[in-house]
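The values are calculated or read from the model by the stated rules, or taken from the named source; none is laboratory data. The shown structure was predicted, so the numbers you read here are calculated from the model rather than taken from an experiment. Glycine gets a Cβ as well: all are built from the backbone with ideal geometry, and neighbour counts include every protein chain shown. Areas reflect the complete protein model, heavy atoms only, side chains present, ligands, DNA and RNA absent. Shrake-Rupley method; radii C 1.70, N 1.55, O 1.52, S 1.80 Å.
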Amino acid sequence: RARCHDPATPTAFMASCPAGALPVGTTIGAESLIIITGLIGIFFALFLHRRVAAVRLDVAQEEDETMMMSVKEAGQNQTFEQNERLRELYAAISNGANSFLFSEYKLCTVFVVFLAGVIVGLVSWSSGRETAIFTATSFVVGALTSMLSGYIGMRVAVFSNARCTVGAVKPAPHGWTESFNTAFRAGGVMGFSLCGLALLCLYALVVFLAPSFSWGTTAGAMKLFDCIAGFGLGGSAVAMFGRVGGGIYTKA
């Protein structure tokens, strides 16, 4: 890690530090901050998921369960029929989403393998084989992180849709409030889990690749992060498939 002394004046301090260097003692704090914030994002996403899961798939307001069973046996329970229909639609949408993700990620896997080979070839020609392999590795890790985030997002979206419906059937304004809160929390699950996973995966990738470079020099650090740029390319490429393919799927 690049470090520098701390002269008395700010001008001397800047002059004594190479580009991108940090004062002694700050790197450990930065690493801890990265890990802690990533874990906070993931745990907060789990907390929001539990809040969404607490909503029961039951459109009844406050009905006695014994009464519901007796009416069900008589074939006159409209609430029971609504619940059955809600669960039926929920299961159908869930199966469709799983089928879509399976088909899309098969295509994404072929694309990622092909493009990783292209990256190795092009970067080897310009910067050497070692840099090419590390860049392709970063690309694959970014793509896998994006796939995992997309899977979480799809599952949470399907999981929360039926529960938003349960909230929406309640009389206004309570129905609007509960439906919005459920949808907002479900979106938070995707957002916080995505940020937490991306932060931790990127940090782990940097730690994994850093020993192969002269991390204590500016040139080595710049070369490392040239390779790390592949992480963003992999994540963006898979996200493009999810955005375009998902839009076509939902409209179809």
Ordering 225-233, 136-144, 85-93 by per-residue average of other C-beta atoms within 10 angstrom, highest first, gives 136-144, 225-233, 85-93
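Go through 223, 106, 170 and list them by solvent-accessible area, largest first, probe radius 1.4 Å. Please report the intermediate quantities before stating the final value.
Numbers: 223 85, 106 110, 170 60 Å².
If we order 223, 106, 170 from most to least accessible, we get 106, 223, 170.
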